[in-house]
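> Supplied in structure tokens, the structure appears directly below.
The values are calculated or read from the model by the stated rules, or taken from the named source; none is laboratory data. The shown structure was predicted, so the numbers you read here are calculated from the model rather than taken from an experiment. Reconstructed Cβ throughout: ideal geometry from the backbone, glycine too, with neighbour counts over all protein chains shown.
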Amino acid sequence: MKYFKSLLGAAAVLTAVSATPSFALTTTIDFGLANNAGAPSLTFNQGGYTVTASALVTDNARNELGSRGAVVTQTKHTTDVNGGGLGELNAPGDTNHDIDGAIQRNDLVSLVFDKAVKLKSVRFARVDSNDVFDFWTAGGYQFSAATPFPLAQYIFAGGGVIGKFFAFGATNDTSDYKIRSVTVSAVPLPPAAVLLVTGLFGIGALGRRKSKSA
């Protein structure tokens, strides 16, 4: 009987944890906390998440060209809350640490998480009314949109985009901006998984009870 109660208690805990609303686990990862001269990739650990930012390059048709020697940079914000963040240098002589568009060598900074998350919003830095960002997922290019000006925060429709890979680029040669931060939340277990786990606990408990009665 004690074993049966323990199983039911564990199942209840799993159900409660799985049903925890995602907003309770929302965190903002700030990329404007330090200066980095540039590297092929940079890794951040914040809020229980590990995310690796890498530099990529695309042509004007948004075909990915790999890295081609590009490096991702990190600059620290000071008094300007919208300053600092992730940028990219993708060619010799490129001194613009923003994510910017250029002829056939457009910046694309990818963010790869260690586990699936729901990307709820992104905050940009160094934006103006001419900036347009390209948004990518693991499925490739998704859409382009104007960086909100002057608020600089873009909120994704439908509560967010689920995945491990996201990328922000610029194809328009008038665009130049930085990724200041991203806000993500945990992805809860689907209801079917909760029912499966609970059911397995129940089957185990019944099996133990039958073996005792025999």
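> Looking only at region 104-130, count how many residues are exposed (fewer than 14 other Cβ atoms within 10 Å of the Cβ), more than 15 Å from ILE179 (Cα to Cα) and among the charged types (D, E, K, R).
2
> So in region 152-183, with the set limited to residues that are of a type in the set (A, V, I, L, M) and either touching a strand residue (DSSP E or B) at 6+ places or on another chain (Cβ under 9 Å) or touching a residue at least 40 places away in the same chain (Cβ under 8 Å) (or both), which one is nearest to ASP128 (Cα to Cα)?
Step one: list which residues in region 152-183 are of a type in the set (A, V, I, L, M), which gives 152, 155, 157, 161-162, 167, 170, 179, 182.
Filter once more, keeping what is either touching a strand residue (DSSP E or B) at 6+ places or on another chain (Cβ under 9 Å) or touching a residue at least 40 places away in the same chain (Cβ under 8 Å) (or both): 152, 155, 161-162, 167, 170, 179, 182.
Values: ALA152: 9, ILE155: 17, VAL161: 25, ILE162: 28, ALA167: 20, ALA170: 14, ILE179: 14, VAL182: 19 Å.
Among them, the one singled out is ALA152.
> Could I ask something else about it? Of all residues in region 80-100, which are under 15 Å from ILE179 (Cβ atoms) and either among the small types (Gly, Ala, Ser) or in contact with a Leu (Cβ under 7 Å, 6 or more places away or on another chain) (or both)?
If the condition is that a residue be under 15 Å from ILE179 (Cβ atoms) and either among the small types (Gly, Ala, Ser) or in contact with a Leu (Cβ under 7 Å, 6 or more places away or on another chain) (or both), then GLY83, GLY84, GLY85, GLY87, HIS97 are the ones that fit.
> Among the residues of region 46-55, how many are over 17 Å from LYS76 (Cβ atoms) and at pLDDT 95 or above?
Within region 46-55, the first condition is being over 17 Å from LYS76 (Cβ atoms), and the residues that meet it are 47-52, 54-55.
Of the ones still in play, those that are also at pLDDT 95 or above are 49-52, 54-55.
The number of residues fulfilling the criteria is 6.
> Can you find a residue that is loosely packed, with under 12 Cβ neighbours inside 10 Å and assigned to a strand (DSSP E or B) anywhere in region 32-40?
Checking region 32-40: at least one residue is loosely packed, with under 12 Cβ neighbours inside 10 Å and assigned to a strand (DSSP E or B).
> Could you pull out the residue among ASP134, ASP94 that is among the charged types (D, E, K, R), modelled with pLDDT of 95 or more and within 22 Å of GLU64 (Cβ to Cβ)? Steps first, answer last, please.
Working: ASP94 fails: modelled with pLDDT of 95 or more.
That would be ASP134, the only listed residue that is among the charged types (D, E, K, R), modelled with pLDDT of 95 or more and within 22 Å of GLU64 (Cβ to Cβ).
> In a strand (DSSP E or B), surrounded by fewer than 14 Cβ atoms within 10 Å (Cβ to Cβ) and over 15 Å from the mean Cα position of the chain (by Cα): does that describe PHE133? Break it down into steps so the answer makes sense when it comes.
Values: in a strand (DSSP E or B): yes; surrounded by fewer than 14 Cβ atoms within 10 Å (Cβ to Cβ): no; over 15 Å from the mean Cα position of the chain (by Cα): yes.
It is false that PHE133 is in a strand (DSSP E or B), surrounded by fewer than 14 Cβ atoms within 10 Å (Cβ to Cβ) and over 15 Å from the mean Cα position of the chain (by Cα).
> So SER110 clears everything in (1) farther than 24 Å from TYR49 by Cα; (2) among the small types (Gly, Ala, Ser); (3) not in a loop (DSSP other than H, G, I, E, B) except one condition, right? Which one?
All conditions pass for SER110, except number (1).
> For region 136-164, name all the residues that are within 19 Å of VAL57 (Cβ to Cβ) and surrounded by 15 or more Cβ atoms within 10 Å (Cβ to Cβ).
Answer for region 136-164, where residues must be within 19 Å of VAL57 (Cβ to Cβ) and surrounded by 15 or more Cβ atoms within 10 Å (Cβ to Cβ): TRP136, THR137, TYR141, SER144.
> Continuing with the same structure: Could you figure out which of (1) out of contact with any Ser or Thr (no Cβ under 9 Å at 6 or more places or on another chain); (2) over 20 Å from LEU56 (Cα atoms); (3) not in a strand (DSSP E or B) isn't true of VAL127?
(1)
> I've got another one for you. Kindly provide the set of residues from region 55-74 that are in a strand (DSSP E or B) and surrounded by fewer than 21 Cβ atoms within 10 Å (Cβ to Cβ), ordered by number.
Residues of region 55-74 in a strand (DSSP E or B): 55-58, 64, 71-74.
Residues satisfying the conditions are GLU64, VAL71.
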